[in-house]
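Right, one structure below, let's go through it.
The values are calculated or read from the model by the stated rules, or taken from the named source; none is laboratory data. Nothing here was measured: the structure is a model prediction, and the numbers come from that model. Cβ: placed from backbone, ideal geometry, glycine included. Neighbour counts: every protein chain shown.
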Amino acid sequence: MAALIQAVQVTRAFGGLVAVNSVDFSVRRGQMKALIGPNGAGKSTLLNLLTGITPVTSGDIIIDGSSIRGRPAFHAATLGLARTFQNVRLFENMTVIENVMVGCHSWTRQGIASGALRWIGHWREERLIIEESHRQLGRVGLEAEAGADAASLPFGKQRMLEIARALAGHPQVLMLDEPASGLSTRETAELSSLLRQIVSEGVTVLLVDHDMQFVMDISDEVTVLDQGRTIAEGTPEQVQSDAAVIAAYLGTEPN
Amino acid sequence: MLRGGKALLVLGLLLLLQLTVDPNHYVSRVLLLSCFSVMLAVSLNIINGYAGQFSIGHAGFYAVGAYTGASLSHFGREWMEASLGLASFPAWLADSAVLLAAVVAGSVAAAVAGFIVGLPSLRLRGDYLAIATLGFGELIRVIFINIDRVGGARGFSIAPINSIFWIGLFTVGIVWLSRNLLNSRQGRALQALRDDETAASVLGINITSYKVMAFVLSAAMAGCAGALYAHFDGYLQPDSFNFIRSIEIIIMVVLGGLGSTTGAVIAAVVLTVLPETLREFADYRMVIYSALLVICMLVRPQGLLGTSEFSWASLRSRGKETGGGLA
């Protein structure tokens, strides 16, 4: 299967600190892939590079055949990429459903004149947006809160809302940055089943987390990052028994 | 929403006012001045409220529209009369044609200015953007002081066209457009980038072009108001577009509730009518006015309406709720 996302020799330096160092990384279409590693390994930085929020220092990132190097951040979304953030970033002054409606931006087309003058195309598209937003809210179990202020939701629901917002854009790939952190055991289980369902619908998922248990349960393939470099890659079983991974997580015995 | 029936109702009402009310009566003058305030506050609300940028040079766009519209009607009327045969039209029709041409020219000129000012807003945020837009506003004023063709510091006199109908129509139109924008794809994109630029951009929203769009649109509306204002008295002076004017517009937007068009409308009317009703206090007028502003901000720091909007639908559903409670 062809790689949907391909990072080629990607490096990102912040001043003297090399957060990501010549990493080769790829995600195949239809996969549930995980990116793990101890704190400070460069996971979030790599995710920011893949979504074009942070520009690469060197190397290239190719999404579905086209490079996003030097392109503005919104460009990755037009290639079918969606993501959530480690510390949930909602539009806090908007309602729950409005947040999801913003998520529909990438596949809607009505121009400013159509919206401001209330042309027929506006109404037609608005109806599609509202239908789609309700569908996404129903999927993450937030249908009842549609009219509430996004900021008033409890943390676990804010996470789910962020996922619904990302899915409303009909992405090819959904990237989740530590989706399980701060969730209760029950919420984590719900998240796992939601992610399985999303993958079964043909969406590729890339998970970034350091919760080993959660990741090992649901991923097809795992890449382990430590100090900006890839140290292991393979199935969850292979990675779990890898000496370098154990050393990175637990440290090595002093000689 | 303003379709068919309501639009006709507004047109009819404005025509009736145009035909029966003296536009130069004290009360109608104050109300017409409120219309200009409404247009300015509602348009600034698009930049400061919807898009969350901080512009304090709105009087600059107003001035560009006013001087462009005035110049067109002053220097171009003869040409229009000759080439379009306006002279043979009835006076009201010729006046309306000239006024509309001035409004279009003023809006376009202000939109261009908005585009030029919008560009730095891509790099600047908060206080820095505020200072840049303040600089723009003052720059415009100084430019007009120094153009002798439009009167310089003495002011610019043109033939006035004071029309309740057109001022009212454009005021209603701008409020309508602004409300529509709020609940549209573009309006939601603006609010999204106000709340979180990074999150908005990963959803495919081009932050740069939306910020520029907000400036262009808002400036065009202010320019339209300017062109109408130029013909209201037929006299323009650079000093009426100074920094204080910009601040007055900001106060209206903040007092009404940043992001609320309804709030901007109410605050614009109140803050235009209030200084007039306080005239009986003579010397203490501005003291009372300022004190009221301070009290308002202390009691309701989020503005009169917060971010909520008036709508007939919500009014009806509220009526039902209370009705249900009684039954």
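Per-structure values
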| read-out | value |
| --- | --- |
| Whichever residue in the range B:189-199 is within 7 Å of another protein chain (Cβ to nearest Cβ) and assigned to a helix (DSSP H, G or I) and, among such residues, is surrounded by the fewest Cβ atoms within 10 Å (Cβ to Cβ) | B:Thr198 |
| Positions within the range A:184-215 being of a type in the set (A, V, I, L, M), surrounded by fewer than 18 Cβ atoms within 10 Å (Cβ to Cβ) and free of Cβ contacts under 8 Å to residues at least 40 places away in the same chain, in sequence order | A:Ala189 |
| Subset of the range A:13-42 (residues that are surrounded by 18 or more Cβ atoms within 10 Å (Cβ to Cβ) and either hydrophobic (A, V, I, L, M, F, W, C) or closer than 18 Å to A:Ala76 by Cα (or both)) | A:Ala19, A:Val20, A:Val23, A:Phe25, A:Val27, A:Met32, A:Ala34, A:Leu35, A:Ile36, A:Ala41 |
| Any hit, the range B:16-31, residues being within 14 Å of chain A (Cβ to nearest Cβ), surrounded by 19 or more Cβ atoms within 10 Å (Cβ to Cβ) and out of contact with any Phe, Trp or Tyr (no Cβ under 7 Å at 6 or more places or on another chain) | no |
| Hey, A:Ile53 at pLDDT below 95 and either outside the structural domain of A:Pro179 (by TED's automatic domain parsing) or surrounded by fewer than 21 Cβ atoms within 10 Å (Cβ to Cβ) (or both) or not | yes |
| B:Ile116 vs. criteria over 17 Å from the mean Cα position of the chain (by Cα) and hydrophobic (A, V, I, L, M, F, W, C) | yes |
| Total residues in the range A:94-111, condition facing chain B (nearest Cβ under 7 Å), crowded, with 18+ Cβ neighbours inside 10 Å and more than 13 Å from A:Gln158 (Cβ to Cβ) | 7 |
| Residues of the range A:56-83 satisfying the condition of being surrounded by 20 or more Cβ atoms within 10 Å (Cβ to Cβ) and within 9 Å of chain B (Cβ to nearest Cβ) | A:Ala73, A:Phe74, A:Ala76, A:Ala77, A:Leu81, A:Ala82, A:Arg83 |
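One line per residue, one yes/no per condition, for (1) in contact with a Leu (Cβ under 8 Å, 6 or more places away or on another chain); (2) surrounded by fewer than 17 Cβ atoms within 10 Å (Cβ to Cβ); (3) not in a helix (DSSP H, G or I):
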| position | (1), (2), (3) |
| --- | --- |
| B:Arg141 | no, no, no |
| B:Ala159 | no, yes, yes |
| B:Ile167 | yes, no, no |
| B:Ile174 | no, no, no |
| B:Leu181 | yes, no, no |
| B:Gln186 | no, no, no |
| B:Ser209 | no, yes, no |
| B:Val216 | no, no, no |
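Every residue, every condition in (1) in contact with an Asp or Glu (Cβ under 9 Å, 6 or more places away or on another chain); (2) touching a residue at least 24 places away in the same chain (Cβ under 8 Å); (3) more than 12 Å from chain B (Cβ to nearest Cβ), yes or no:
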{"position": "A:Arg135", "(1), (2), (3)": "no, no, yes"}
{"position": "A:Ala146", "(1), (2), (3)": "no, yes, yes"}
{"position": "A:Leu153", "(1), (2), (3)": "yes, yes, yes"}
{"position": "A:Lys157", "(1), (2), (3)": "yes, no, yes"}
{"position": "A:Glu162", "(1), (2), (3)": "no, yes, no"}
{"position": "A:Arg165", "(1), (2), (3)": "no, yes, no"}
{"position": "A:Pro171", "(1), (2), (3)": "no, yes, no"}
{"position": "A:Leu176", "(1), (2), (3)": "yes, yes, yes"}
